[in-house]
Amino acid sequence: MIDSTLKKTMVENPETLINCNEFDGCSIAIIDDEKINLDMIQYYLEMEGFTNLISTEDSASAFSMIESERPDLILSDINMPEVSGLDILAQIRGHRELTDTPVIILTASSDNETKISALRQGATDLLAKPIHHGELIARIRNVLKVKVSQDQLKAHSESLEQAVQLRTKELEASRLSVIQCLARAAEFRDDDTGQHVIRVGKYARIIGEELGFSERELWLLEPAAQLHDVGKIGIEDSILLKPGKLTPEEYDSMKKHCGFGKRIVDCLPEHEAQLIRMHTEMGAKIMDIPDSPILSLAKVIAMTHHERWDGTGYPLGLEGKDIPIQGRITAVADVFDALTSKRSYKPAFSLTKSFRILEEGRATQFDPEVLDAFFSRRQDIIQVQIDYAETE
């Protein structure tokens with residue numbers, strides 16, 4: 001314990017005391033293998049109003065104490081058995097969550113190399129033994145001032161980051177709402193509910209998940225896939241709503257193809273077929289807005305979701321893996337939803353029948369790998385059908 005002479009000296013010389021009330025609540029860890037040193041330092045600190053103190057004489061257990069308690073400042077002797085102060089310092093600086101914790105090294109050594117080594121290893125400050133209470137408190141005060149400022153700056157930075165993230169999420173939500181409205185506006189041209197585009201986006205996301213897309217890629221894929229047929233905005237109603245004029249053979253072909261695809265186009269007069277082909281290009285032009293990753297991807301999907309694995313699709317006639325993966329995914333999602341949805345020209349097909357029709361297009365219309373990913377998520381597909389069913 002602190003002897004009576006030391007206590008008397010401190011009481012008789014109050015000018016040596018430094019008011020540290022501004023650091024109320026700051027926790028300090030003290031590590032020294034000599035109990036008298038621990039008691040003395042603790043007494044000095046308590047006299048200055050520091051009450052949140054932890055200490056140990058066992059240097060081997062010191063780091064565990066620090067890791068558990070997370071003090072604001074650490075005072076550590078340098079020469080201790082088993083584990084030295086420099087060893088503890090190295091452990092602290094090597095810990096991701098403790099690396100910025102200030103450490104004051106206490107040393108009786110006059111060896112400059114020892115002091116330099118401590119500073120090089122990340123000591124915040126050095127304090128010579130025997131400890132002078134005025135110098136101890138002054139150094140602690142200076143170190144804690146920096147620590148408090150750093151903590152405040154970090155808290156402010158985190159607060160700003162949270163505010164930016166919140167605002168970014170709000171902007172993203174607004175953008176996604178606008179994209180969804182645009183997609184539905186196009187879909188309302190030939191779908192009374194507009195749920196088709198929502199389901200296509202969900203199916204595309206499910207396929208992407210199964211193929212190992214990252215969360216960022218999935219976040220882009222779902223809304224972009226919803227815009228796959230946005231080019232319908234530029235198509236005349238006389239073309240878009242034409243199914244009643246098709247022959248039975250054309251009707252059968254239309255049931256099986258994405259967007260009622262290439263076979264329907266082949267059976268139309270050339271000028272109307274050209275207009276149908278143009279809807280993908282119109283969609284791409286609508287999406288041609290710089291600095292928007294969703295719209296950039298939507299442009300790719302709008303241009304490629306009518307391409308076929310065997311190279312007989314439109315408008316570019318791409319083949320196999322030359323077709324962007326997002327276009328191949330959306331092709332499967334779009335055709336599946338067309339097959340399982342009721343339209344003026346057809347009833348809704350069952351899940352089994354729709355899967356069979358998709359399978360018939362393996363390696364001709366559809367990428368086999370994409371089909372396998374889709375089929376393997378049968379229960380998730382059914383859940384989307386339930387959640388986004390069209391009601392009359």
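The values are calculated or read from the model by the stated rules, or taken from the named source; none is laboratory data. Model, not experiment: these values are computed from the prediction. Reconstructed Cβ throughout: ideal geometry from the backbone, glycine too, with neighbour counts over all protein chains shown. Side chains are part of the model used for accessible areas, which takes the heavy atoms of the whole protein and leaves out ligands, DNA and RNA. Shrake-Rupley method; radii C 1.70, N 1.55, O 1.52, S 1.80 Å.
Values computed for the structure shown
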{"quantity": "Heavy-atom accessible surface of the range 28-158: percent carbon and sulfur, 1.4 Å", "calculated": "47"}
{"quantity": "Relative packing of peptides 114-121, 216-223, 97-104 - highest average C-beta neighbours within 10 Å first", "calculated": "216-223, 97-104, 114-121"}
{"quantity": "Computed label-point distance, nm, for sites ARG167 and ARG141 using a 7 Å Cα→Cβ extension", "calculated": "4.0"}
{"quantity": "Residues ARG216 and ILE54, FRET efficiency given R0 of 51 Å [Cβ-Cβ distance, rounded to 0.05]", "calculated": "0.75"}
{"quantity": "Dipole magnitude (debye, nearest 20) for the range 28-158, charges at Cβ of Lys, Arg, Asp, Glu", "calculated": "540"}
{"quantity": "Positive-end extreme of charge dipole, the range 87-175 - chosen from ALA163, LEU126, ALA90 (charges on Cβ)", "calculated": "ALA163"}
{"quantity": "Virtual spin-label span in nm between ASP39 and GLN150, 7 Å along Cα→Cβ", "calculated": "3.3"}
{"quantity": "Computed accessible area, LYS147, all protein chains, 1.4 angstrom probe, square angstrom", "calculated": "30"}
{"quantity": "Nearest-0.05 FRET efficiency for ARG377 and ASN79, computed from C-beta distance (R0 51 Å)", "calculated": "0.20"}
{"quantity": "Scattering profile of the range 28-158 at q = 0.12, 0.19 Å⁻¹ [log10 I(q)/I(0), Debye over alpha-carbon scatterers]", "calculated": "-0.42, -1.11"}
{"quantity": "Share of carbon and sulfur in the accessible heavy-atom surface of the range 310-355 [1.4 Å probe, %]", "calculated": "52"}
